[in-house]
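The values are calculated or read from the model by the stated rules, or taken from the named source; none is laboratory data. As the structure is a computational prediction, the values presented were derived from the model and not from experiment. Every residue, glycine among them, receives a Cβ derived from its backbone with ideal geometry; neighbour counts consider all protein chains shown.
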């Protein structure tokens, strides 16, 4: 197989979710109104490799996409006390499928989700970062099943560099 195309990065600051991070150039970013309720302490942004997917955020993406959901406050306090426990309880993921991820600035864990976990036609890798006291970030990569996009390659070339670049700001 040919080597993966190198990813070009752009540093961005998203005040509405209180994060600074690097995202792939050419990807489209949008806030998710459906997953954002600042009064309840959560906000989400979606990153799409296919800009057309941003027009239909309720549908499964047609190409790789990433969701970033930050949760703080009372709701966040009930989610668990470690990234691993949050993945197993909130994500309903078997503990055997969860591994610590030590390359981020914050305590983190990751899980490769079996095809069909989030929706019937997608494969995913999910990370949880503990940004501080009762402050969590879920980062979920989504690839359409059968698209030819390799979820583990996307994890290695896009998601992990993005995770390593994350810096939490006031939210």
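All of 118, 129 fail the test of being within 21 Å of residue 83 (Cα to Cα), within 13 Å of the chain's Cα centre (by Cα) and at pLDDT 95 or above, apart from 129. Restricting attention to region 36-48, does a residue exist that is buried (at least 16 other Cβ atoms within 10 Å of the Cβ) and either more than 16 Å from the chain's Cα centre (by Cα) or modelled with pLDDT under 85 (or both)? Yes, because at least one residue in region 36-48 is buried (at least 16 other Cβ atoms within 10 Å of the Cβ) and either more than 16 Å from the chain's Cα centre (by Cα) or modelled with pLDDT under 85 (or both).
Can you name every residue in region 118-132 that is in contact with a strand residue (DSSP E or B) (Cβ under 9 Å, 6 or more places away or on another chain) and either free of Cβ contacts under 8 Å to residues at least 24 places away in the same chain or under 19 Å from residue 63 (Cβ atoms) (or both)? Before the answer, list the steps.
Narrowing region 118-132 to residues in contact with a strand residue (DSSP E or B) (Cβ under 9 Å, 6 or more places away or on another chain): 118-119, 121-132.
Residues satisfying the conditions are 118, 119, 121, 122, 123, 124, 125, 126.
Can you work out which of the residues in region 80-92 that are surrounded by 13 or more Cβ atoms within 10 Å (Cβ to Cβ) and at pLDDT below 85 is nearest to residue 125 (Cα to Cα)? Among residues in region 80-92 that are surrounded by 13 or more Cβ atoms within 10 Å (Cβ to Cβ) and at pLDDT below 85, the one nearest to residue 125 (Cα to Cα) is 91. Does residue 108 count as in contact with a helix residue (DSSP H, G or I) (Cβ under 8 Å, 6 or more places away or on another chain), touching a residue at least 24 places away in the same chain (Cβ under 8 Å), under 21 Å from residue 129 (Cα atoms) and surrounded by 21 or more Cβ atoms within 10 Å (Cβ to Cβ)? Yes, satisfied. Of all residues in region 45-63, those that are in contact (Cβ under 8 Å) with a residue 12 or more places away in the chain have Cβ atoms under 8 Å from Cβ atoms of residues that are loosely packed, with under 14 Cβ neighbours inside 10 Å and part of a helix (DSSP H, G or I), 6 or more apart or on another chain, in 62/52.
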